Amino acid sequence: MTGAMMPEGADAVVMQEVTQRDGDEVKIFEGVDKTGNVRFTGESVAKEQQVMGKGKYLRPPEVSMLASLNCPEVTVYRKPTVAIVSTGDELTPLGEPLEPGKIRDSNRYGLYAQVEEAGGIPIDMGIAPDDEVETERIFRAALAKADALITSGGVSVGEHDVVKSVLARLGKINFWRVAMKPGKTAGLTAFRTENLFWIAGNPVSSLVVFELFVRPALLKMAGHTELLASDLQSHFS
C-alpha cells in the first residue's frame, strides 16, 4: 500500500508493477537498492524549516502543501480594488449606436481585464465627460470605493483634457510625462493612501503603460516581491 508504514526489519520496497504473485511465492523482475522506494519521516519538510515566506504566491501546489501541513488558514494580502474611468465626450459605450466623430470606449474593458489578470478587483466607473466638475465628482466617488484609480484619456494639453487639473486638486502629482513612446503622457498622483494612475487614451499606450507602471504597483499592493517581468534573451538567425 502506497504510503503505509514499513514492516519492522524491512529496508526497501519493491514496486508491485515489477512483481508477479504465484500462490505463496512472489517473483521479482527488477532489483531494488537499500531504502529504495522509501520515504522517511520529515523527508519533505524538516523540523522548523520555513515552508513559505512573505510574498509567496499561493498557487495550487502551495495550497496542497499547506493542507499537508494541517494549515487550514494563513494570513494573506487582500486583493487591491481598482476603479477604472474612461474620459472624453467622444466615447461611446458598447451596445450604443456609434455616431459620426465618436469612438468606442475600448480602453476601459482592456484595463478591466488587465487588472483582473494582475490579481486586482476591478470596479467599472463608466465614462467621465470633458467637464472638470463632473469628472472630479466621478473620481472622488471612485476613490471612495477603491484602493487605486486608473483613468484613461484626457491627460494631454488640449482644451478638453481636464484630467490633469482635476487630479492636481485631488492630490500630489508625483510625475507626469515619461520619456517613452507610446505612453508619453502617463502620470501618477498620490491621494491619501490611494494611487491615481492616468493613462493616455491611445489603446496601445493604455496597454503598455499599464504593464510598465500599473501592474508592478498592483502586485506590490498585493504583497508580491517579484514585481517586474523577467528579461528574456533571444537570437535571430
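Quick notes
- Matching residues in the stretch 200-237 - criterion: being of a type outside the set (Val, Ile, Thr), more than 18 Å from Glu116 (Cα to Cα) and assigned to a loop (DSSP other than H, G, I, E, B): Ala200, Gly201, Asn202, Ser230, Asp231, Leu232, Gln233, Ser234, His235, Phe236, Ser237
- Contact annotation: residue pairs with Cβ atoms under 7 Å, 6 or more positions apart or on different chains, pairing a residue in the stretch 48-63 that is among the hydroxyl-bearing types (Ser, Thr, Tyr) with a partner that is part of a loop (DSSP other than H, G, I, E, B), are Tyr57/His224.
- Looking across the stretch 193-219, just one residue is touching a Leu at 6+ places or on another chain (Cβ under 8 Å), farther than 23 Å from Ile138 by Cα and either exposed (fewer than 15 other Cβ atoms within 10 Å of the Cβ) or aliphatic (A, V, I, L, M) (or both), and that is Leu219.
- Strands (runs of 3 or more DSSP E) fully within the stretch 84-182 that include at least 2 residues being more than 23 Å from the chain's Cα centre (by Cα): 121-128, 172-176.
- Filtered by the rule that a residue be modelled with pLDDT of 80 or more and over 23 Å from Glu116 (Cα atoms), the stretch 142-172 gives Val162, Val163, Lys164, Ser165, Val166, Leu167, Ala168, Arg169, Leu170, Gly171, Lys172.
- Pairing each residue of the stretch 21-46 that is at pLDDT below 90 with any residue that is surrounded by 10 or more Cβ atoms within 10 Å (Cβ to Cβ) and part of a loop (DSSP other than H, G, I, E, B), provided the two are 6+ apart or on different chains, yields C-beta distances under 8 Å for Val45/Val51; Val45/Leu69.
- Selection status of Lys34, in contact with an Asp or Glu (Cβ under 9 Å, 6 or more places away or on another chain), among the basic types (Lys, Arg), under 27 Å from Pro216 (Cα atoms) and in a loop (DSSP other than H, G, I, E, B): no
- Only residues that are in a helix (DSSP H, G or I) and hydrophobic (A, V, I, L, M, F, W, C) were counted in the stretch 37-82, giving 4.
- Single residue of the stretch 102-142 satisfying the filter (surrounded by 21 or more Cβ atoms within 10 Å (Cβ to Cβ) and touching a residue at least 60 places away in the same chain (Cβ under 8 Å)) that is nearest to Ser86 (Cα to Cα): Asn107
- Any hit, the stretch 2-9, residues being part of a loop (DSSP other than H, G, I, E, B) and in contact with a His (Cβ under 9 Å, 6 or more places away or on another chain): no
- Where Gly187 falls short, out of the listed (1) at pLDDT 80 or above; (2) crowded, with 20+ Cβ neighbours inside 10 Å; (3) within 23 Å of the chain's Cα centre (by Cα): (1)
The values are calculated or read from the model by the stated rules, or taken from the named source; none is laboratory data. Worth saying up front: this structure is predicted, and the values here are computed from it rather than measured. All Cβ positions, glycine included, derive from the backbone under ideal geometry; neighbour counts span all protein chains shown.
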